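**Student:** Below are the structure tokens for one structure; questions will follow.
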Amino acid sequence: MVPGRSDCPNGFARDATGYLLAAHHTMPPARTPAITMSANQRSQFTCVVADSPPATSVSASRFASRLFVTETAGRLPGYTDGKEVTCALCSSNFGPTYVRWGRTSCPTASTLVYSGYAAGSHYEETGGGFNLLCMHGTPMYGITEDAVDDNAAKLYRVEFETEDKGLWKLWGLHNADVACAVCQPTGSTAVLMQ
């Protein structure tokens, strides 16, 4: 998935385009005693194909999980706050990709697919997505609303919090935005990712 774009990088085929969806950014804990849930109601940030037909036609239920359109917030580098985030589902015959967090380049045994910045849910909000995303450095917007919508999932920039942690070599990163690079190994048949 390429979050923030509706096209694919060179060498990749576009399988589908859509919008990023996740749990509401302030999703409250379940209020029904029969349902035991944690206070954290996060889902995965998911690329939902824009022209997906509904599986069934059912009225809204308070017992259902819900996905909301995701908007950017918190000055994500290169993005406009309040805009809905597009995404592309891409495939390639040249092997897997992986994210290199904190870098904008790939090692010599890999090719750079794209670089950008890390994004995720706000640390003080109970909803949104639980996963971090490597956002494309140049956003491409689809159809968007002009107004910021509070009835949405929110996507914020990610910054390093390293000060006063005893790891003095990391102190220079404190409050800096987390860069990222999506890399594709060249000529390898296996990649160890943890």
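**Student:** Filter region 1-17 down to residues that are within 15 Å of Lys83 (Cβ to Cβ) and of a type in the set (Gly, Ala, Ser) and give me whichever is least open to solvent (accessible area, probe 1.4 Å).
**Tutor:** The selected residue is Gly4.
**Student:** Right, next: Give just the number: which of (1) at pLDDT 80 or above; (2) surrounded by fewer than 13 Cβ atoms within 10 Å (Cβ to Cβ); (3) touching a Lys or Arg at 6+ places or on another chain (Cβ under 9 Å) does Thr80 not satisfy?
**Tutor:** (3)
**Student:** Go through region 78-100 and count every residue that is within 14 Å of Gly137 (Cα to Cα) and of a type in the set (Phe, Trp, Tyr).
**Tutor:** Matching residues across region 78-100 total 1.
**Student:** Looking at (1) open to solvent by less than 50 Å² (accessible area, probe 1.4 Å); (2) closer than 26 Å to Leu173 by Cα, can you tell me which one Ala88 breaks?
**Tutor:** Result: Ala88 fails condition (2) only.
**Student:** Additional query: Would you check if there is a residue in region 130-138 being free of Cβ contacts under 8 Å to residues at least 60 places away in the same chain and closer than 11 Å to His25 by Cα?
**Tutor:** No; the residues of region 130-138 include none that is free of Cβ contacts under 8 Å to residues at least 60 places away in the same chain and closer than 11 Å to His25 by Cα.
**Student:** Of all residues being hydrophobic (A, V, I, L, M, F, W, C) and at pLDDT below 95 in region 94-109, which is least open to solvent (accessible area, probe 1.4 Å)? Just the residue, please.
**Tutor:** Within region 94-109, the match that is least open to solvent (accessible area, probe 1.4 Å) is Ala109.
**Student:** Same structure, new question: Using beta carbons and a limit of 7 Å, which pairs, at least six apart or on different chains, have the first residue in region 109-128 and under 21 Å from Ala152 (Cβ atoms) and the second one open to solvent by 50 Å² or more (accessible area, probe 1.4 Å) and assigned to a strand (DSSP E or B)?
**Tutor:** Tyr117/Arg157; Tyr117/Asp177; Ala118/Trp101; Ala119/Arg157
**Student:** Let me ask another. Within region 137-167, work out how many residues are open to solvent by less than 90 Å² (accessible area, probe 1.4 Å), part of a loop (DSSP other than H, G, I, E, B), of a type in the set (A, V, I, L, M) and in contact with a Gly (Cβ under 8 Å, 6 or more places away or on another chain).
**Tutor:** The number of residues fulfilling the criteria is 3.
**Student:** Out of all the residues in region 129-136, is one or more modelled with pLDDT of 95 or more, open to solvent by 60 Å² or more (accessible area, probe 1.4 Å), in contact with a Gly (Cβ under 6 Å, 6 or more places away or on another chain) and within 19 Å of Met1 (Cβ to Cβ)?
**Tutor:** There is at least one residue in region 129-136 that is modelled with pLDDT of 95 or more, open to solvent by 60 Å² or more (accessible area, probe 1.4 Å), in contact with a Gly (Cβ under 6 Å, 6 or more places away or on another chain) and within 19 Å of Met1 (Cβ to Cβ).
**Student:** Within region 67-91, take every residue that is among the hydroxyl-bearing types (Ser, Thr, Tyr) and touching a Leu at 6+ places or on another chain (Cβ under 7 Å) and give me the one that is farthest from Tyr117 (Cα to Cα).
**Tutor:** Of everything passing the filter in region 67-91, Thr70 is farthest from Tyr117 (Cα to Cα).
**Student:** Can we say Glu125 is part of a loop (DSSP other than H, G, I, E, B) and crowded, with 18+ Cβ neighbours inside 10 Å?
**Tutor:** Here the answer is yes, as Glu125 does meet what is asked.
**Student:** Mind telling me which of the residues Leu112, Leu170, Leu192 ends up being modelled with pLDDT under 95 and not in a loop (DSSP other than H, G, I, E, B)?
**Tutor:** Going through Leu112, Leu170, Leu192 in turn, just one is modelled with pLDDT under 95 and not in a loop (DSSP other than H, G, I, E, B): Leu170.
**Student:** Let me ask another. Answer yes or no as to whether Asp51 is more than 15 Å from the chain's Cα centre (by Cα), acidic (Asp, Glu) and at pLDDT below 95.
**Tutor:** Yes, satisfied.
The values are calculated or read from the model by the stated rules, or taken from the named source; none is laboratory data. Since the structure is predicted, the reported quantities are computational estimates derived from the model, not experimental observations. Heads up, the Cβs are rebuilt from the backbone with ideal geometry, glycines too, and the neighbour counts pull from every protein chain shown. Please note that ligands, DNA and RNA were not included when accessible areas were found on the heavy atoms of the full protein model with its side chains. Shrake-Rupley method; radii C 1.70, N 1.55, O 1.52, S 1.80 Å.
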